[in-house]
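Participant: Take this structure first; my questions come after.
The values are calculated or read from the model by the stated rules, or taken from the named source; none is laboratory data. Quantities reported herein were computed from a predicted structural model and do not represent experimental measurements. Reconstructed Cβ throughout: ideal geometry from the backbone, glycine too, with neighbour counts over all protein chains shown.
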Amino acid sequence: MARVKITKKTNNIIARDKKVFLTTTRGPYPFVAASGDGDFAYDVEGNRFIDFSSFISVYNFGVGGSNEIRSAVKAQADKLMHAAFTDYRAELPVLFAEKMLKFFPSGFGKMFLSNSGTEANEAALKFARLFTKRQYTLAFYNSFHGRTMGSLGLTSSMAVHREHFGPFNNVLHAPYPYPYRCMMVHDTEECGMEHINFIERNILSKSTSGREIAAIFVEPIQGEGGYIVPSKMFMRELRRIADENGMLLVSDEVQAGYMRTGKFLAMDNFGVKADIYTMAKAVGGGLPMGVTVTKSSLGDIPAGSHANTFGGNLASVAAGYASLKYIEKNQASLERQVRDKGKLIMKRLKEFVDDYEVVGDARGIGMMLAIELVKNKKSKEPAVKERDEVLVNAFNEGLLLLPAGKSSIRVIPPITMSVSSIGKGLDVLEGAIRKT
Ligand SMILES: Cc1ncc(COP(=O)(O)O)c(C=O)c1O
């Protein structure tokens, strides 16, 4: 008997939801959120779930945000929420930016505030064009940078995201190294060198010259595309290509950044510094925020060339500022938690690979982890139906999981989740795999 009980109450809300909302990406199980608290999420039936999704990488420090974040939002709501920040001024966003920049390498001095990851990337795209006066960008297959027209041109993880929406900006796509399925047959030791050769020998010599490309947009770890981790060498070579051709390197840290890998900036895992960083998701502690951070040497943009209405919204920034203060106070502990809990989870995920034919790979950095399901280990044929079955089986036993890529499952609990809840969640995941 499934632990989770779903009744007419849930089904009724889902039926009404379907009537009034255009379809988005709704998952394979009937979760209707009611509340959240630390390790757990609760649905409208009162079922309790261990959250291995952080509600799409947002609640890095506990479902529902910490007490400090919630109190900061409540206090700010009583003062002023919207301050027309891009036209007028307010001190809270300045405090936020000053604190945020402390987590960046020296030489990063300016930022733009928005409301989402896609908007942070739109801004980066415009700034890169403005700074370089070039029109093209280079991005990667399997990437996800958002769904508005500029960032969607960069995104290339599923045809359905793009079908009927083009034409897009001038984006050239290159293969991203996927070590479990390295498509470049000549790569020997590390998947990635042939990918670099491909960019130089084909894209930069045949599609257009490097002098026309404003920026390379890259996720340090591909998120929606399947939690794919490239080699350090690949990222360093991208930096070299950018430098040699006067292009900017943009690190999309919307999913991988903000301590998820144990570092504030996921790109730091590769020993590479970008010229522009974008962040969102966890930054607002549960409220909408996007941040685009630029290197000081790039200078400023002309007044009026980019702005928005809600960027710097004081309620969101209050949450963001409280969240930054939480990191500042607990940075060493958060780093240790990501390292220790990440190791513990990875050990179990690797055991799943050893013990179950359907689990082909376990990968990730820190607490940005995933398993990939395959029909069998030899053919590596993606086990899409089986993956969805695992998600549903786990849900029925009280565990929230999200898919990624074609047949992967993310394992991204809040960084602060207790070791005991993590263990229980992994037991449920294993049970769901065994059942499948
Ligand atoms: C790496 C990355 N960039 C951009 C986005 C888009 O963010 P949003 O959904 O907030 O627009 C996402 C969302 O999943 C993402 O993972």
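Rundown of residues vs (1) over 25 Å from the mean Cα position of the chain (by Cα); (2) not in a loop (DSSP other than H, G, I, E, B), yes/no style:
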position: 17; (1), (2): yes, yes
position: 23; (1), (2): no, no
position: 41; (1), (2): no, yes
position: 68; (1), (2): no, yes
position: 73; (1), (2): no, yes
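Participant: Taking the stated definitions as given, is residue 132 among the polar types (S, T, N, Q), touching a strand residue (DSSP E or B) at 6+ places or on another chain (Cβ under 6 Å) and touching a residue at least 24 places away in the same chain (Cβ under 8 Å)?
Facilitator: yes
Participant: Find all pairs meeting these conditions: Cβ atoms under 7 angstrom apart; at least six residues apart or on different chains; first residue within segment 171-184 and in the same structural domain as residue 353 (by TED's automatic domain parsing); second residue surrounded by fewer than 19 Cβ atoms within 10 Å (Cβ to Cβ) and in a loop (DSSP other than H, G, I, E, B).
Facilitator: As it stands, the answer is none, since no pair meets every condition given.
Participant: Give the number of residues within segment 113-156 that are within 11 Å of the ligand (Cβ to nearest atom) and part of a helix (DSSP H, G or I).
Facilitator: Residues in segment 113-156 being within 11 Å of the ligand (Cβ to nearest atom) and part of a helix (DSSP H, G or I): 10 in total.
Participant: Name the residue that is farthest from the ligand (Cβ to nearest atom), counting only residues in segment 254-285 that are surrounded by 24 or more Cβ atoms within 10 Å (Cβ to Cβ), in a loop (DSSP other than H, G, I, E, B) and of a type in the set (Gly, Ala, Ser).
Facilitator: Taking the candidates together, the pick is 274.
Participant: Could you identify the single residue in 46, 27 that is in a loop (DSSP other than H, G, I, E, B), small (Gly, Ala, Ser), outside the structural domain of residue 290 (by TED's automatic domain parsing) and within 16 Å of the ligand (Cβ to nearest atom)?
Facilitator: Every option except 27 fails the conditions.
Participant: Restricting to segment 210-230, what's the tally of residues that are in a loop (DSSP other than H, G, I, E, B), hydrophobic (A, V, I, L, M, F, W, C) and within 11 Å of the ligand (Cβ to nearest atom)?
Facilitator: Qualifying residue count for the region: 1.
Participant: Which residues, counting only those in segment 157-171, are closer than 15 Å to residue 224 by Cβ and either more than 21 Å from the chain's Cα centre (by Cα) or away from the ligand (no atom under 12 Å from the Cβ) (or both)?
Facilitator: 158, 159, 160, 162
Participant: Further question: Kindly indicate whether any position in segment 63-75 is away from the ligand (no atom under 16 Å from the Cβ), touching a residue at least 24 places away in the same chain (Cβ under 8 Å), closer than 21 Å to residue 393 by Cα and not polar (S, T, N, Q).
Facilitator: No, there is no match, as no residue in segment 63-75 is away from the ligand (no atom under 16 Å from the Cβ), touching a residue at least 24 places away in the same chain (Cβ under 8 Å), closer than 21 Å to residue 393 by Cα and not polar (S, T, N, Q).
Participant: Pairs under 6 Å by beta carbon, first residue more than 19 Å from residue 413 (Cβ to Cβ) in segment 335-363, partner β-branched (Val, Ile, Thr), six or more apart or different chains?
Facilitator: Hits for this filter: 353/359; 356/433; 360/374.
Participant: Now for a different question. Residue check: is residue 250 within 16 Å of the ligand (Cβ to nearest atom), of a type in the set (A, V, I, L, M), at negative phi and not in a loop (DSSP other than H, G, I, E, B)?
Facilitator: Considered against the rule, which asks whether it is within 16 Å of the ligand (Cβ to nearest atom), of a type in the set (A, V, I, L, M), at negative phi and not in a loop (DSSP other than H, G, I, E, B), residue 250 comes out as yes.
Participant: Mind listing whichever residues of segment 360-385 are surrounded by 21 or more Cβ atoms within 10 Å (Cβ to Cβ) and in a loop (DSSP other than H, G, I, E, B)?
Facilitator: Within segment 360-385, 366, 367, 383 meet the criteria.
Participant: Residue pairs, Cβ under 7 Å, 6 or more apart or interchain, first in segment 109-122 and outside the structural domain of residue 286 (by TED's automatic domain parsing) and under 21 Å from residue 82 (Cα atoms), second assigned to a helix (DSSP H, G or I) and near the ligand (Cβ under 9 Å from one of its atoms). List them.
Facilitator: Final answer for the pair search is none.
Participant: Which of the residues belonging to segment 133-144 are within 17 Å of residue 294 (Cβ to Cβ) and either surrounded by 24 or more Cβ atoms within 10 Å (Cβ to Cβ) or in contact with a helix residue (DSSP H, G or I) (Cβ under 9 Å, 6 or more places away or on another chain) (or both)?
Facilitator: 134, 137
Participant: Here is a list: 87, 78. Which entry is more than 24 Å from residue 285 (Cβ to Cβ) and away from the ligand (no atom under 16 Å from the Cβ)?
Facilitator: Exactly one residue qualifies, and that residue is 87.
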